Each structure stands twice: as structure tokens, then as C-alpha cells.
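The structure appears right after this line, and notes come after that.
We did not get these values from a lab; they are worked out from the coordinates using the rules stated. Not measured: the values here are computed from a predicted model. So basically every Cβ, Gly included, is an ideal-geometry build from the backbone, and we count neighbours across all protein chains shown.
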């Protein structure tokens with residue numbers, strides 16, 4: 001879809017209220033949080049991401065910072081470019097939008113990666129980015145916080161721990177966004193200890209004050225440290 005087009009079809013507008021934000025509005029809105037868009041690891045979630053107008057521009061801005069800081073070192077550029085990708089999340093109710101968004105974000109990454117790393121580009125790294133985008137850009141309903149299959153939306157947190165090693169931890173989105181002290185409804189038996197209160201109030205993967213068990217924060221899986229080029233091994 002062209003960046004200048006705001007409507008794919010009248011039917012989609014009628015059925016889903018789908019109207020895409022123009023480039024001018026995207027940039028004006030992102031300029032309001034310019035400092036955050038220039039932090040490589042600052043996390044962004046677009047709950048109705050469409051085909052990625054906001055997320056693609058956020059990634060471009062982050063990759064510009066990566067280039068400015070690490071253009072002299074292809075290995076450092078690659079590592080922090082991947083980190084920039086890990087910080088971007090999106091949900092859309094329409095499967096084609098989610099697919100197009102992943103494709104668009106990968107193309108933004110790949111274009112800059114090839115331009116900056118040239119002969120040192122690595123296909124394993126590119127596949128890792130595709131995998132990360134499959135985990136971060138999901139098809140679901142941000143109002144119900146469930147996928148189109150009716151399952152809870154699950155996001156992965158990616159943390160660059162040391163050197164080139166990255167840690168992945170999976171969380172339920174409904175727990176991350178639950179208002180403070182609210183007990184979530186429809187929690188499957190065994191997912192949450194009895195009488196546990198939620199502590200997460202916004203999209204925050206970590207809560208240093210949380211002394212409850214891991215599953216009380218919506219954390220459902222934690223994977224061993226692995227080189228960022230190999231994250232797809234934990235499919």
C-alpha cells in the first residue's frame with residue numbers, strides 16, 4: 001500500500017473503521033515523543049498498527065541513531081539494529097495488515113542493514129529479525145487482548161544481556177496492561193495463584209518491586225540466553 005493512501009476499501013472502513021494515518025501526521029505525532037524514538041531500546045506498542053505507518057517510521061528513526069553511533073563497526077551496527085527491531089510491537093485485527101506490517105518492517109531493517117554492513121551481512125541475522133517480527137507483530141484484537149483464535153495475546157520481551165547474548169521472556173498482554181490491583185477475569189486455572197493482585201499498570205515487562213511469583217506478572221516462559229542471531233532456535 002502506498003504511504004499516501006489512507007483507505008484500502010470502503011468495505012474495510014465500514015467493517016473495521018480502517019483509515020491509515022498519513023506520513024505528515026505520523027511524523028508530527030512522533031515528534032511529540034522524539035526523545036523516545038531516538039532511544040534504541042525504548043519500547044513502542046501500536047495496538048492498531050495497520051500495515052505499519054507508525055512502526056516503520058519509529059524503526060527508521062531508531063536505525064538512524066544506530067548508524068550515527070555504530071557505522072564504523074559493522075558488528076556493533078548489526079547487534080544494535082537487531083535490538084532496535086526487538087523494541088517495536090504491534091497488534092492488528094486483520095491478518096493481511098499484520099503480515100504486511102512484518103514485511104514492511106523487515107524491508108526497512110534489511111535496506112539499512114545492507115547499506116551499512118555491505119559484504120558483512122549475515123543471513124542468519126536476517127532470519128532472526130524475521131522471527132522477532134513474527135513474535136512482535138501479531139494478529140489479534142487489542143480491545144479483548146486476544147488473538148483471532150481466542151487465545152491471550154502473548155508478547156516476547158527481548159533483553160540484550162551481555163555481549164551478543166539476548167534473553168527472551170514471554171508475557172501475556174492482558175497482565176501487562178491490567179490496572180493496578182485489578183484481578184483479571186477469565187484466567188485459566190493454574191495460571192494465577194488464588195487471590196493474587198495484579199501489579200502491572202502499563203506496558204512494562206519488568207517490575208523491580210514485584211515480589212510475587214513470576215506467573216503473577218503474566219510471565220509464562222523464559223528462555224536461556226542465546227546469541228541474537230540464533231533466537232529463532234527457540235521457535
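Compare the peptides 43-54, 137-148 by average per-residue count of other Cβ atoms within 10 angstrom and give them in order, highest first.
43-54, 137-148
Which three lengths, in whole Å and largest first, does the range 36-88 cover when its Cα atoms are put on their principal axes?
Extents along the principal axes: 36, 19, 14 Å.
Please grab the % of Cα pairs in the range 40-176 that end up more than 26 Å from each other.
The calculated P(r) of the range 40-176 puts 20 percent of pairs beyond 26 Å.
Among 84-92, 165-173, 150-158, how do they line up from the highest to the lowest mean number of other beta-carbon atoms within 10 Å?
Final packing ranking: 84-92, 165-173, 150-158.
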